[in-house]
Amino acid sequence: MRRNSALHNGTADGGGVTPDGEPSTSTPEGAARRSAVAEEQAFLDVATARRDRLTEHLQVELSSEAMDAVEHSRQRILRQQHEELQRAREGLVFGRLDGLDGTVRHVGRVGLRNDAEDSEPLLVDWRAPAARPFYTATAIDPQGQVRRRHIRTTGSTVVGVDDEPLDGTMTAELVGEGALLAALDQRRTGVMATAISTLQREQDDIIRARATGPLIVQGGPGTGKTVVALHRVAYLLFTHRKMAEQAVLVLGPSPRFLQYIGQVLPALGETAVVSATCDTLLADIRVGREESRLLAEIKGRALWQPALEGYVASLLPRARELKLRWEGDFYVIDAATVAQALASAVQGRPYHRARAVFAEQVHHLLADAVAEQRETLMNEMEEGFEDILARVDKGMGHDGHSVRTSTGSDVNGLLSEEEIEDLRTRIAGNATIARFVEAWWPTLDAETLLSDLLTDRALLARVAPHLSPEEITAVAAEPAAWASSDIPLLDALADLLGEDEAPRPQGEFVADHALRQRGWVYGHVVIDEAQELSEMQWHMVLRRCPSRSITAVGDIDQAEAAHRHTSWAQAVRAAFGDRWTAAELTICYRTPREVMDLTGPVLRNAGSHNAPPRAVRTSGIAPWERTITPAELAGAAVEAVRQLQQRWQGGMVGVIAPAAHIAALLAVLGDVPVLTATQSKGLEWDATLLVDPQGIAAEPRGWNGLYVALTRCTQELGQLILTP
């Protein structure tokens, strides 16, 4: 392990050290360290006491009777502040900046005010602009700082400090190198932890980047892609408070991955977040079967978006004369008027919303027709009555100019506005009229519609002419249950059809409401392992964030999905065109150099033109191999896992194997994670046992999968090589 003693010990010179690497207490360095620890302990005590007072104050305010009168948004803010303070018990303070002007700022998990409202903050929130030099200042660019200090704590106790002079007397490749490497050396627990105290400059640049358009982040194994994505969520919600009203959607590759990262955002104080996979975005739809890579690739293509748009457009009714019955009489709305009403109703609206607009127009047109016919009848009656009176006058010898009164001819027969509005209301509530509109413009169901389409070869050929006859046959022969690639198609159809969104119950958290609403528009979307998304899945993301405030992180060289793209430009062109920004993470923090040295040939076999990220740490443990026969696989795996677990007690051991071996290994390895390369994406363990790497390489996109499998460990990699 490469460690800079000056960084680790907080001094610029060497000196006596204890067996665990700390300065001896009898040396000047040891005394300086004790003094620094005591100084930071005193500050932590003050900050903790302040946090406790603020927590108690908020608790009292939230439980008071007066709280009932406080508006809902204010209640939500107070509860969030209380929750943030509650969660900040661990790692409350982790950094300090000493400015050239003599100012001292402490950086922590949350911001804390001093008792005096107009004074400097007691503790600066890590997301605040004032905290940025803690992550980005260097000896070359000190940003007004003379020293950065990393403060290591356990509970409410300071256990160590790591100082970095920023005056040019020392240089280091990494920010807070001692704290970072100490964190990387910790045992894995199967749950991802926050990294706010050890973020690096290139990571912080991405976390704080503008959120005005798609940001695509390329990062190889161990570069902290997931860390960056999740901390960016916390930063954006802190910086753009209104974003919390819309929530942020975090898309991961699998439920296991979401479980792994599940504690990060709550630990950072963020709750306005919905976590999902592309398969779970439709709340009422469940994937019921696996599908072939061929079908997944076909149905992931962007061609389905315009195909489905044309399909739904073809289902709209065509203009014709409508004959409606009202109170025993028939009324005709001519074809030209119907055509005009149709065009006005559609105007880019989804199918069902256009139908509702058209139905309302029909109610108005029918009411107008009824009123017009009544007026005509009254006019005809009046004219007939005038003729009768004229004949009577003539028979009585009148000259036809006599004044007649109270004949009723002064009543014009027109309905008042109130009467017409009442008529429209009665028409709108009439079941017969509703049945007529339903028959002419029927309500449609996305699942039924897609099922009909995918099983009808002739319809498929007409709707999706770019598919070959062989591809149409393959699609039409699918089983009935939904597969993963059907979800984006269902989502597209549901969007084109439109649906009524339920009102948000009073007091419901925005994330809970958003999760139940297919049409919810999010303030931001974060995608991890984004290289796996098909073109139709990218469209599904875009529908949920039409503002394009999207952050996607991934490694194009780890792509294993059935789609054909091999570059980010190909992956996102269908959704974003050329309107997206690229960023890159270049340093591998997690995977040791001994393991990363194995990845070059694997990447070349995968057809990559990228260099693997640069590893900045070593574990001192060379990767090892054991050659076995298939008959020896179960016993060898059990023994290898046992040995790894002994060496990494308190940590995690994971097993990665080809899909063909998973069931057999699960049967003998008990609770040990046994995953395919695809299932292991985004996860990490202290040690990885890689079973039959040649078998993984032989799977579809297998070299990409092997690249994933090789890079899951933080310390040790073992491989079981199968011989025939």
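The values are calculated or read from the model by the stated rules, or taken from the named source; none is laboratory data. Predicted model, so just to flag it, every value in this text is computed and none were measured. In this analysis, Cβ positions are derived from the backbone assuming ideal geometry, glycine residues included, and neighbour counts consider all displayed protein chains. What goes into the accessible areas is simple: the full protein's heavy atoms, side chains included, and nothing from ligands, DNA or RNA. Shrake-Rupley method; radii C 1.70, N 1.55, O 1.52, S 1.80 Å.
Key figures for this structure:
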{"quantity": "Efficiency of FRET between Arg614 and Ile140 - r from beta-carbon atoms, R0 22 angstrom, step 0.05", "calculated": "0.70"}
{"quantity": "Semi-axis lengths, Å, the range 600-682, gyration tensor of Cα atoms, sqrt of 5 times eigenvalues", "calculated": "25, 18, 14"}
{"quantity": "Cα→Cβ-extended label distance, 7 Å offset, between Arg201 and Glu327, nm", "calculated": "8.2 nm"}
{"quantity": "More than 23 Å apart - percent of Cα-Cα pairs taken over the range 230-376", "calculated": "64 percent"}
{"quantity": "Theoretical FRET efficiency, 1/(1+(r/R0)^6), r = Cβ-Cβ of Arg579 and Asp456, R0 35 Å, to 0.05", "calculated": "0.45"}
{"quantity": "Probe 1.4 Å, accessible area per residue of the range 268-372, Å²", "calculated": "48 Å²"}
{"quantity": "Largest to smallest accessible area among Trp520, Trp568 [probe 1.4 Å]", "calculated": "Trp520, Trp568"}
{"quantity": "Sparse-neighbour loop sites [trypsin sites (Lys or Arg not before Pro); the range 524-569; at most 16 other C-beta within 10 Å; DSSP]", "calculated": "Arg564"}
{"quantity": "Percent RCO, i.e. relative contact order, over the range 255-354, from Cα pairs under 8 Å lying at least 6 residues apart", "calculated": "14 percent"}
{"quantity": "Largest-first ordering by accessible area, 1.4 Å probe, given options Trp685, Trp624", "calculated": "Trp624, Trp685"}
{"quantity": "Estimated FRET transfer efficiency when R0 is 25 angstrom, pair Gln643-Asp671 (beta carbons, to 0.05)", "calculated": "0.90"}
{"quantity": "Rounded accessible area of Arg105 (nearest 10 Å², 1.4 Å probe)", "calculated": "80 Å²"}
{"quantity": "Positive minus negative residues near Asp486 (Lys, Arg vs Asp, Glu; Cβ under 9 Å)", "calculated": "-1"}
{"quantity": "Three-way shape call for the range 627-722 based on the alpha-carbon gyration tensor, with the a/c threshold at 1.5", "calculated": "oblate"}
